[in-house]
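Before any comments, here is the structure.
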Amino acid sequence: MKKYQLFLLSVFVSLNVSANEYTASFFGIKSDGITNNTGSIQKAIDYISEHRGGTLVFYVGRYLTGTIHLKSNVKIRLEEGAVLVGASSPYDYNSSTQGARAIIEANGQSNIGIYGKGVIEGSGNTLIKNMNDLLNAGYIKKNSEPGLISFTNCMNVSLNGLHLWNGPYNALTLTECKTVNLEALDINGRNIPSSTGIVAKGCKWVNLKDLFVEVKKEPFINQNNQFVTIQNAITNKGVTL
(Lines give C-alpha, C1' and ligand atoms only; values in the text may rest on other atoms or scores of the structure.)
Protein backbone atom coordinates (compact mmCIF):
# COMPACT_ATOMS: atom_id res chain seq x y z
CA MET A 1 0.00 0.00 0.00
CA LYS A 2 2.82 2.36 0.92
CA LYS A 3 4.54 1.72 -2.41
CA TYR A 4 1.31 2.54 -4.23
CA GLN A 5 0.90 5.78 -2.29
CA LEU A 6 4.49 6.76 -3.01
CA PHE A 7 3.92 6.03 -6.70
CA LEU A 8 0.84 8.27 -6.78
CA LEU A 9 2.74 11.00 -4.96
CA SER A 10 5.64 10.84 -7.44
CA VAL A 11 3.20 11.02 -10.37
CA PHE A 12 1.45 14.02 -8.83
CA VAL A 13 4.75 15.83 -8.22
CA SER A 14 6.02 15.14 -11.74
CA LEU A 15 2.77 16.37 -13.25
CA ASN A 16 2.84 19.47 -11.10
CA VAL A 17 6.42 20.26 -12.09
CA SER A 18 5.82 19.78 -15.80
CA ALA A 19 2.46 21.53 -15.76
CA ASN A 20 4.07 24.98 -15.76
CA GLU A 21 6.21 24.25 -18.83
CA TYR A 22 4.71 24.78 -22.26
CA THR A 23 6.23 23.76 -25.58
CA ALA A 24 6.19 26.52 -28.20
CA SER A 25 4.76 24.24 -30.89
CA PHE A 26 1.67 23.68 -28.74
CA PHE A 27 0.66 27.26 -29.58
CA GLY A 28 1.26 26.88 -33.31
CA ILE A 29 4.64 28.60 -33.20
CA LYS A 30 6.64 27.60 -36.28
CA SER A 31 10.36 26.82 -36.34
CA ASP A 32 10.87 27.20 -40.10
CA GLY A 33 12.65 30.58 -39.98
CA ILE A 34 10.10 32.02 -42.43
CA THR A 35 6.76 32.26 -40.62
CA ASN A 36 6.41 35.43 -38.53
CA ASN A 37 5.46 34.10 -35.09
CA THR A 38 4.93 37.41 -33.28
CA GLY A 39 1.21 36.90 -32.66
CA SER A 40 1.54 33.22 -31.72
CA ILE A 41 4.37 33.80 -29.26
CA GLN A 42 2.49 36.67 -27.66
CA LYS A 43 -0.62 34.53 -27.27
CA ALA A 44 1.50 31.86 -25.59
CA ILE A 45 2.98 34.37 -23.14
CA ASP A 46 -0.47 35.81 -22.40
CA TYR A 47 -1.89 32.32 -21.80
CA ILE A 48 0.93 31.35 -19.43
CA SER A 49 0.61 34.66 -17.57
CA GLU A 50 -3.13 34.12 -17.13
CA HIS A 51 -2.54 30.59 -15.77
CA ARG A 52 -0.27 31.39 -12.82
CA GLY A 53 2.92 31.71 -14.82
CA GLY A 54 5.42 29.23 -16.14
CA THR A 55 8.01 28.65 -18.84
CA LEU A 56 7.64 28.76 -22.62
CA VAL A 57 10.13 26.29 -24.09
CA PHE A 58 11.63 26.51 -27.58
CA TYR A 59 13.33 23.48 -29.07
CA VAL A 60 15.62 23.22 -32.11
CA GLY A 61 14.68 25.55 -34.96
CA ARG A 62 14.60 29.16 -36.10
CA TYR A 63 11.66 31.18 -34.81
CA LEU A 64 11.11 34.46 -36.65
CA THR A 65 9.42 37.20 -34.62
CA GLY A 66 8.89 40.89 -34.10
CA THR A 67 8.43 42.43 -30.64
CA ILE A 68 7.00 40.18 -27.96
CA HIS A 69 6.09 41.48 -24.50
CA LEU A 70 7.18 39.33 -21.57
CA LYS A 71 4.84 39.34 -18.56
CA SER A 72 5.20 38.74 -14.83
CA ASN A 73 6.01 35.19 -13.71
CA VAL A 74 6.73 34.07 -17.28
CA LYS A 75 10.10 32.77 -18.42
CA ILE A 76 11.44 31.72 -21.81
CA ARG A 77 13.79 28.76 -22.17
CA LEU A 78 15.76 28.38 -25.37
CA GLU A 79 17.13 24.89 -25.70
CA GLU A 80 20.41 24.31 -27.54
CA GLY A 81 19.76 24.80 -31.26
CA ALA A 82 16.76 27.09 -30.71
CA VAL A 83 17.09 30.57 -32.26
CA LEU A 84 14.70 33.49 -31.82
CA VAL A 85 15.28 35.56 -34.96
CA GLY A 86 14.37 39.24 -35.08
CA ALA A 87 12.38 40.37 -38.11
CA SER A 88 14.12 42.57 -40.67
CA SER A 89 11.27 45.10 -40.99
CA PRO A 90 11.26 48.03 -38.52
CA TYR A 91 7.46 47.88 -38.56
CA ASP A 92 7.57 44.54 -36.72
CA TYR A 93 8.86 46.26 -33.59
CA ASN A 94 6.68 48.10 -31.09
CA SER A 95 7.10 49.19 -27.50
CA SER A 96 5.14 50.10 -24.42
CA THR A 97 7.81 52.69 -23.61
CA GLN A 98 9.24 55.49 -25.72
CA GLY A 99 12.34 54.36 -27.59
CA ALA A 100 12.67 50.94 -25.91
CA ARG A 101 12.02 48.71 -28.89
CA ALA A 102 13.43 45.18 -28.95
CA ILE A 103 12.71 41.60 -29.92
CA ILE A 104 11.80 40.85 -26.30
CA GLU A 105 10.45 43.75 -24.26
CA ALA A 106 8.93 44.11 -20.79
CA ASN A 107 7.68 47.12 -18.85
CA GLY A 108 6.67 47.08 -15.17
CA GLN A 109 6.87 43.28 -14.86
CA SER A 110 8.39 41.06 -12.15
CA ASN A 111 9.87 37.59 -11.87
CA ILE A 112 10.79 37.31 -15.53
CA GLY A 113 13.67 35.58 -17.23
CA ILE A 114 15.19 34.11 -20.37
CA TYR A 115 17.62 31.22 -20.12
CA GLY A 116 19.07 28.17 -21.82
CA LYS A 117 21.76 27.47 -24.40
CA GLY A 118 19.90 28.98 -27.35
CA VAL A 119 20.32 32.17 -29.36
CA ILE A 120 18.53 35.48 -29.69
CA GLU A 121 19.62 36.79 -33.07
CA GLY A 122 19.02 40.22 -34.56
CA SER A 123 18.75 40.99 -38.27
CA GLY A 124 21.93 43.03 -38.06
CA ASN A 125 22.93 45.11 -41.05
CA THR A 126 19.77 44.18 -42.97
CA LEU A 127 17.58 45.84 -40.34
CA ILE A 128 19.94 48.82 -40.19
CA LYS A 129 19.61 49.36 -43.94
CA ASN A 130 15.83 49.12 -43.75
CA MET A 131 15.84 51.53 -40.80
CA ASN A 132 18.00 54.06 -42.66
CA ASP A 133 15.81 53.88 -45.78
CA LEU A 134 12.71 54.66 -43.70
CA LEU A 135 14.52 57.36 -41.70
CA ASN A 136 15.64 59.12 -44.87
CA ALA A 137 12.10 58.96 -46.23
CA GLY A 138 10.77 60.46 -42.98
CA TYR A 139 8.56 57.48 -42.11
CA ILE A 140 10.15 56.68 -38.73
CA LYS A 141 12.08 58.53 -36.02
CA LYS A 142 15.69 58.08 -34.98
CA ASN A 143 14.89 56.87 -31.45
CA SER A 144 13.04 53.80 -32.74
CA GLU A 145 16.20 51.66 -33.08
CA PRO A 146 15.26 48.12 -31.98
CA GLY A 147 17.63 46.03 -29.86
CA LEU A 148 17.50 42.40 -28.79
CA ILE A 149 16.13 42.71 -25.24
CA SER A 150 14.75 45.73 -23.39
CA PHE A 151 13.39 45.71 -19.84
CA THR A 152 11.99 48.85 -18.18
CA ASN A 153 10.92 49.25 -14.54
CA CYS A 154 11.07 45.49 -13.95
CA MET A 155 11.97 43.54 -10.79
CA ASN A 156 13.65 40.16 -10.34
CA VAL A 157 15.07 39.77 -13.82
CA SER A 158 17.37 36.92 -14.84
CA LEU A 159 19.20 36.12 -18.08
CA ASN A 160 21.36 33.02 -18.10
CA GLY A 161 23.38 31.01 -20.61
CA LEU A 162 22.19 32.79 -23.75
CA HIS A 163 23.91 33.83 -26.95
CA LEU A 164 22.88 37.35 -28.00
CA TRP A 165 24.11 37.69 -31.57
CA ASN A 166 23.93 40.08 -34.48
CA GLY A 167 22.18 42.87 -32.61
CA PRO A 168 22.00 45.98 -34.81
CA TYR A 169 21.91 48.37 -31.84
CA ASN A 170 21.75 47.62 -28.08
CA ALA A 171 21.92 43.93 -27.30
CA LEU A 172 20.39 44.47 -23.85
CA THR A 173 18.81 47.60 -22.37
CA LEU A 174 17.87 47.82 -18.68
CA THR A 175 16.08 50.95 -17.47
CA GLU A 176 15.15 51.49 -13.79
CA CYS A 177 15.11 47.76 -13.05
CA LYS A 178 15.76 46.19 -9.63
CA THR A 179 17.47 42.91 -8.78
CA VAL A 180 18.94 41.87 -12.09
CA ASN A 181 21.13 38.80 -12.62
CA LEU A 182 23.02 38.42 -15.89
CA GLU A 183 25.07 35.24 -16.05
CA ALA A 184 26.98 33.26 -18.68
CA LEU A 185 25.95 35.49 -21.59
CA ASP A 186 27.74 35.64 -24.92
CA ILE A 187 27.07 38.96 -26.67
CA ASN A 188 28.46 39.23 -30.19
CA GLY A 189 27.93 41.98 -32.74
CA ARG A 190 31.45 42.11 -34.16
CA ASN A 191 30.40 42.62 -37.78
CA ILE A 192 27.93 45.44 -37.10
CA PRO A 193 29.26 49.03 -36.80
CA SER A 194 26.45 50.22 -34.51
CA SER A 195 26.38 47.19 -32.18
CA THR A 196 26.40 47.96 -28.45
CA GLY A 197 26.47 45.53 -25.52
CA ILE A 198 24.62 46.19 -22.26
CA VAL A 199 23.03 49.54 -21.44
CA ALA A 200 21.91 49.94 -17.82
CA LYS A 201 20.30 53.16 -16.58
CA GLY A 202 18.98 53.91 -13.12
CA CYS A 203 18.98 50.28 -11.97
CA LYS A 204 19.63 48.79 -8.52
CA TRP A 205 21.26 45.52 -7.50
CA VAL A 206 22.66 44.39 -10.84
CA ASN A 207 24.95 41.36 -10.97
CA LEU A 208 27.07 40.58 -14.05
CA LYS A 209 28.89 37.26 -13.97
CA ASP A 210 30.78 35.23 -16.58
CA LEU A 211 29.97 37.46 -19.54
CA PHE A 212 31.76 37.80 -22.86
CA VAL A 213 31.04 40.86 -24.99
CA GLU A 214 32.34 41.60 -28.48
CA VAL A 215 30.74 44.64 -30.09
CA LYS A 216 31.90 47.62 -32.16
CA LYS A 217 30.71 50.33 -29.76
CA GLU A 218 30.47 50.35 -25.95
CA PRO A 219 30.39 46.90 -24.31
CA PHE A 220 28.78 48.22 -21.09
CA ILE A 221 27.13 51.60 -20.50
CA ASN A 222 26.66 52.09 -16.77
CA GLN A 223 24.56 55.18 -16.01
CA ASN A 224 23.27 56.16 -12.56
CA ASN A 225 23.06 52.61 -11.28
CA GLN A 226 23.46 51.47 -7.69
CA PHE A 227 25.00 48.29 -6.29
CA VAL A 228 26.47 46.86 -9.49
CA THR A 229 28.75 43.83 -9.10
CA ILE A 230 30.91 42.44 -11.91
CA GLN A 231 32.62 39.04 -11.81
CA ASN A 232 34.61 37.61 -14.72
CA ALA A 233 32.90 39.79 -17.33
CA ILE A 234 35.23 40.71 -20.18
CA THR A 235 35.38 41.96 -23.74
CA ASN A 236 37.12 40.27 -26.67
CA LYS A 237 40.14 42.44 -25.86
CA GLY A 238 40.35 40.98 -22.36
CA VAL A 239 39.13 44.18 -20.71
CA THR A 240 36.82 43.92 -17.71
CA LEU A 241 33.41 45.53 -18.22
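The values are calculated or read from the model by the stated rules, or taken from the named source; none is laboratory data. Keep in mind that this is a model prediction, so the values were computed, not measured. Note that each Cβ is placed from the backbone with ideal geometry, even for glycine, and that neighbours are counted across all protein chains shown.
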Out of Asn160, Asn181, I need the residue that is surrounded by fewer than 22 Cβ atoms within 10 Å (Cβ to Cβ), free of Cβ contacts under 8 Å to residues at least 40 places away in the same chain, on the phi < 0 side of the Ramachandran plot and within 16 Å of the chain's Cα centre (by Cα). Which one? Asn181
Report yes if some residue within region 157-172 is farther than 26 Å from Gly33 by Cβ and at pLDDT 95 or above; otherwise report no. yes
Look at region 203-238 and say how many of its residues are without any contact (Cβ under 8 Å) to a residue 12 or more places away in the chain and not basic (Lys, Arg). 1
Look at region 92-109 and say how many of its residues are surrounded by fewer than 16 Cβ atoms within 10 Å (Cβ to Cβ) and either modelled with pLDDT of 95 or more or at positive phi (or both). 2
Which strands (runs of 3 or more DSSP E) sit wholly inside region 176-223 and have at least 3 residues that are over 23 Å from Gly108 (Cα atoms)? 186-188, 204-214
Would you tally the residues in region 69-84 being surrounded by fewer than 22 Cβ atoms within 10 Å (Cβ to Cβ) and hydrophobic (A, V, I, L, M, F, W, C)? 1
Qualifying positions in region 129-157 - without any contact (Cβ under 8 Å) to a residue 40 or more places away in the chain and either among the small types (Gly, Ala, Ser) or assigned to a strand (DSSP E or B) (or both): Ala137, Gly138
Take the residues of region 64-82 that are among the basic types (Lys, Arg) and not in a loop (DSSP other than H, G, I, E, B): which is farthest from Thr23 (Cα to Cα)? Lys75
From the list Lys209, Lys216, which residue is at pLDDT 95 or above, surrounded by fewer than 16 Cβ atoms within 10 Å (Cβ to Cβ), within 19 Å of the chain's Cα centre (by Cα) and not acidic (Asp, Glu)? Lys209
Leu172 - would you say it is within 17 Å of Ile104 (Cβ to Cβ) and surrounded by 23 or more Cβ atoms within 10 Å (Cβ to Cβ)? yes
Would you tally the residues in region 125-150 being basic (Lys, Arg) and at pLDDT below 95? 2
